[in-house]
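These notes concern the structure reproduced below.
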Amino acid sequence: MSAPKVVRWGILATGGIAQTFTTDLLVDPATRGVHHVKHTVVAAASSSSAPRAQQFLKDVGAPAEAKAYGSYEELVKDPNIDIIYVATPHSHHYQNAMLCLEAGKNVLCEKAFTVNAAQARALVDKAREKNLFLMEAVWTRYFPLSIYVREQIKSGRIGPLHRVLADNSMALNPEENFKDGKHRMVNPDLAGGALLDLGIYSLTWVFQTLYHTQPETARQKPKVVAALKSYGATKAADETSTVVLSFPRPEELGGEAHAVATTSLRVATAPGGNHDTASIRIQGPKGEIQVFPPAFRPSRTRIILADGTVEEKNWEFPGPGKGSGWYNGFGGQKNAEGEGHGMFWEADEAATAFLEGRKEGKYEGLEESVVIMEVMDEVRRQGGLQYPEKIETTKFPTQL
Ligand SMILES: NC(=O)c1ccc[n+]([C@@H]2O[C@H](COP(=O)([O-])OP(=O)(O)OC[C@H]3O[C@@H](n4cnc5c(N)ncnc54)[C@H](OP(=O)(O)O)[C@@H]3O)[C@@H](O)[C@H]2O)c1
C-alpha cells in the first residue's frame, strides 16, 4: 500500500463548529479505514485576534508549527494551504469564501452555503473561472449511513420513491437562550432562523433521496409551496418553516414525487432527547426507509417492507476509540470517549477531490447546492423573510 498523501488545511474562524471539525480532522484516517489521505492543519485565522487563533490551534491539538493569523486576509495569502474550511456564520460565507477563491484557494464552506442562490451562483462561477475546488460542507451526505440509504433507494428495494417526509427541529427556547437577539440562530444580521440553519438538513434528506438518486440528466427542480412563521422577538428570522415540494420526474422513473420538509426552533423532532420516532421517512410502494434523529448526525436506520420484513441497523462513529482519552462533540455536548463526530468523512471527500483534481464534491455537486439555495429563496419569498441588504448582496467585497 502506498503512503497516504498529506492535505494541508487552513481553518477560517475559530467558533463552535470550527473546533469540532478540526478536532475530527486530526484523527488518524486509518481509524475509519481510510488509507490514501492524511490531513494536517497548517494555519487558522480568527477575525478578532491572532492569540485567539493560537489558542484554537492549541485546543484542537494542531501541529506546533501551524500558523495563527489575526485576520482572514492574512490566512488566504498563506502559500502552504491546500484547502480552506470556512466556518463563519452563514451571513458571512459569501464574503469569506469569495475572499478565499479570489486568492486562489480551494474551499470547503459550511452550510447553509450562502444566504441566497445568487451568492451561491457567484461563488460557483468564481471557482470555475479560477479552476478551484468548492464544496458545501453538508457533512451528513458523506456518512456511510447516507451512502447506504441512497444505495437502497437506487437498488429499487422500496420501488420508485413517491414521498419523503423530513424534519429537523429543536425546541431551543429562544427567548430564554437568545435573549438579546444577537445569537446567530435568531439574529437577522447573521441570517438567523430555523430554515438556513436547521431546515437545510430536512432539505438535504429530501434532495439526497428524491433528487440525487436520479440520473443527472433526469433531475428537475421542484415546485415549492411554503409556510413560514417569523420569530416575534427579532421579526426577521423564521422560527418555524414548512415546505411542500413537488419533484417532476419522468414517468418511467415513477412520475411526480412529493416531499414535506419541516423545521422549527420552537418545537423538537426528539422531545427530551427521545430518538424513538423516525424523523425521516422515505416511502415507495414496496416499503419505506426510516432514519432516526438527529437528521444531521443520525446513527440508526430501519427498512420496513410491504411483505413484513424489518431491517434495523445501527451506525457507528469511528475514532481513536475507548481508552484513548480523546473526546469530541459540539455545543457543550461530549460524544462517548474515542468516538468521532463524523465530520471527517466530508473532509476525506474534499481532500480526495483535491488530490484527484476534481472541482466538486461527489455526493452533492455545486448545481445541487444552488438548487437547494433556490428552494430556500422561494420559501423566504413566500414567507416574506428578507435579510439586511449587506448580507443578501453579491457585491464583493462588502464590509460586514
Ligand atoms: N455542520 C454542522 O454540524 C454545523 C453545526 C453548527 C454550525 N454549523 C454552521 O457553521 C457556521 C458557524 O456556526 P458556529 O456554531 O460555529 O458559530 P459560532 O460558534 O458563533 O462561530 C462562528 C465564528 O465565526 C467568526 N465570525 C466572524 N464574524 C463573525 C460575526 N460577525 N459574528 C459571529 N461570528 C463571527 C468567529 O470566529 P473568529 O472570531 O475566530 O473569526 C466565530 O467564532 C454556521 O454557518 C452554521 O450553520 C454547522
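Quick check on ASP24: is it closer than 19 Å to ALA347 by Cα and away from the ligand (no atom under 13 Å from the Cβ)?
Spelling it out, it is not the case that ASP24 is closer than 19 Å to ALA347 by Cα and away from the ligand (no atom under 13 Å from the Cβ).
Hey, does segment 121-132 have a residue that's away from the ligand (no atom under 16 Å from the Cβ) and in a loop (DSSP other than H, G, I, E, B)?
Yes, the conditions are met somewhere in segment 121-132.
Restricting to segment 135-172, count the residues that are within 20 Å of PHE21 (Cβ to Cβ) and of a type in the set (D, E, K, R).
2
Could you please give the count of residues in segment 289-324 that are among the hydroxyl-bearing types (Ser, Thr, Tyr), closer than 24 Å to ASP28 by Cβ and either without any contact (Cβ under 8 Å) to a residue 12 or more places away in the chain or outside any loop (DSSP other than H, G, I, E, B) (or both)?
Taking segment 289-324 and keeping what is among the hydroxyl-bearing types (Ser, Thr, Tyr), we get 299, 301, 309, 324.
Checking the rest, the ones that are also closer than 24 Å to ASP28 by Cβ come to 299, 324.
From what's left, either without any contact (Cβ under 8 Å) to a residue 12 or more places away in the chain or outside any loop (DSSP other than H, G, I, E, B) (or both): none.
Qualifying residue count, segment 289-324: 0.
Output the number of the condition that VAL371 fails; it satisfies all remaining conditions of (1) open to solvent by less than 30 Å² (accessible area, probe 1.4 Å); (2) within 16 Å of the ligand (Cβ to nearest atom).
Result: VAL371 passes all but (2).
For segment 277-299, name all the residues that are more than 10 Å from VAL164 (Cα to Cα), out of contact with any Leu (no Cβ under 7 Å at 6 or more places or on another chain) and charged (D, E, K, R).
ARG297
Exactly one of (1) modelled with pLDDT of 95 or more; (2) over 20 Å from the mean Cα position of the chain (by Cα); (3) part of a loop (DSSP other than H, G, I, E, B) is unmet by HIS275. Its number?
It fails just one condition, (1).
Please go through segment 77-98 and give me each residue that is open to solvent by 10 Å² or more (accessible area, probe 1.4 Å), touching a strand residue (DSSP E or B) at 6+ places or on another chain (Cβ under 6 Å), within 13 Å of the ligand (Cβ to nearest atom) and closer than 25 Å to ASN328 by Cα, ordered by number.
ALA87
Scan VAL186, VAL164, VAL115 and give me the residue that is within 25 Å of GLY255 (Cα to Cα) and in contact with a helix residue (DSSP H, G or I) (Cβ under 6 Å, 6 or more places away or on another chain).
From the options VAL186, VAL164, VAL115, the qualifying one is VAL164.
What do you reckon, is LYS58 among the charged types (D, E, K, R) and surrounded by 15 or more Cβ atoms within 10 Å (Cβ to Cβ)?
Against the criterion (among the charged types (D, E, K, R) and surrounded by 15 or more Cβ atoms within 10 Å (Cβ to Cβ)), LYS58 does not qualify.
Only one of ALA64, ALA118, ALA68 is surrounded by fewer than 23 Cβ atoms within 10 Å (Cβ to Cβ), more than 14 Å from the ligand (Cβ to nearest atom) and touching a residue at least 24 places away in the same chain (Cβ under 8 Å). Can you tell me which?
ALA118
So which of LEU123, LEU101 is open to solvent by less than 10 Å² (accessible area, probe 1.4 Å), more than 19 Å from the chain's Cα centre (by Cα), touching a residue at least 24 places away in the same chain (Cβ under 8 Å) and not assigned by TED's automatic domain parsing to the domain that holds PRO188?
LEU101
From ILE304, ILE282, grab the single residue that is closer than 20 Å to ALA261 by Cα and aliphatic (A, V, I, L, M). Full working, then the answer.
Details: ILE304 fails: closer than 20 Å to ALA261 by Cα.
When all the criteria are applied, what remains is ILE282.
So the check is Cβ under 6 Å with 6+ separation or different chains; which pairs have a first residue in segment 249-276 that's open to solvent by less than 50 Å² (accessible area, probe 1.4 Å) and a second one that's among the small types (Gly, Ala, Ser) and in a strand (DSSP E or B)?
Final answer for the pair search is ARG249/ALA257; ALA261/ALA166; THR263/SER169; THR263/SER241; SER264/SER169; ALA268/SER169; THR269/SER169.
The conditions are (1) open to solvent by 30 Å² or more (accessible area, probe 1.4 Å); (2) more than 18 Å from the chain's Cα centre (by Cα), and PRO174 fails exactly one of them. Which is it?
(1)
Does at least one position in segment 2-21 carry a residue that is at pLDDT below 95, more than 21 Å from ILE391 (Cα to Cα) and open to solvent by 50 Å² or more (accessible area, probe 1.4 Å)?
Yes, there is a match, as at least one residue in segment 2-21 is at pLDDT below 95, more than 21 Å from ILE391 (Cα to Cα) and open to solvent by 50 Å² or more (accessible area, probe 1.4 Å).
Identify, please: which residue in segment 308-350 is out of contact with any helix residue (DSSP H, G or I) (no Cβ under 8 Å at 6 or more places or on another chain) and at pLDDT below 95 and is, among those, least open to solvent (accessible area, probe 1.4 Å)? I'd like the intermediate steps shown before the answer.
The first filter runs over segment 308-350 and keeps only residues out of contact with any helix residue (DSSP H, G or I) (no Cβ under 8 Å at 6 or more places or on another chain), leaving 308-312, 314, 316-317, 322-327, 332-339, 350.
Next, from what is left, pick out any that are at pLDDT below 95: 332-333.
Values: GLY332: 87, GLN333: 139 Å².
So, considering only residues that are out of contact with any helix residue (DSSP H, G or I) (no Cβ under 8 Å at 6 or more places or on another chain) and at pLDDT below 95, the one least open to solvent (accessible area, probe 1.4 Å) is GLY332.
Please work out which one of (1) part of a loop (DSSP other than H, G, I, E, B); (2) within 16 Å of the ligand (Cβ to nearest atom) is the condition ARG249 fails and give its number.
With (1) part of a loop (DSSP other than H, G, I, E, B); (2) within 16 Å of the ligand (Cβ to nearest atom) applied to ARG249, the lone miss is (2).
Evaluate segment 182-204: report whether one residue or more is surrounded by fewer than 21 Cβ atoms within 10 Å (Cβ to Cβ) and out of contact with any Pro (no Cβ under 9 Å at 6 or more places or on another chain).
yes
Going by the conditions given, is GLU74 surrounded by fewer than 17 Cβ atoms within 10 Å (Cβ to Cβ) and not hydroxyl-bearing (Ser, Thr, Tyr)?
Yes; evaluated as a whole, the condition is true for this residue.
The values are calculated or read from the model by the stated rules, or taken from the named source; none is laboratory data. On a predicted model such as this, the values are computed, not experimentally measured, just so you know. Counting neighbours? That spans all protein chains shown, and the Cβs are built from the backbone with ideal geometry, glycine included. When the accessible area is computed, the model is the full protein with side chains, heavy atoms only, and any ligands, DNA or RNA have been set aside. Shrake-Rupley method; radii C 1.70, N 1.55, O 1.52, S 1.80 Å.
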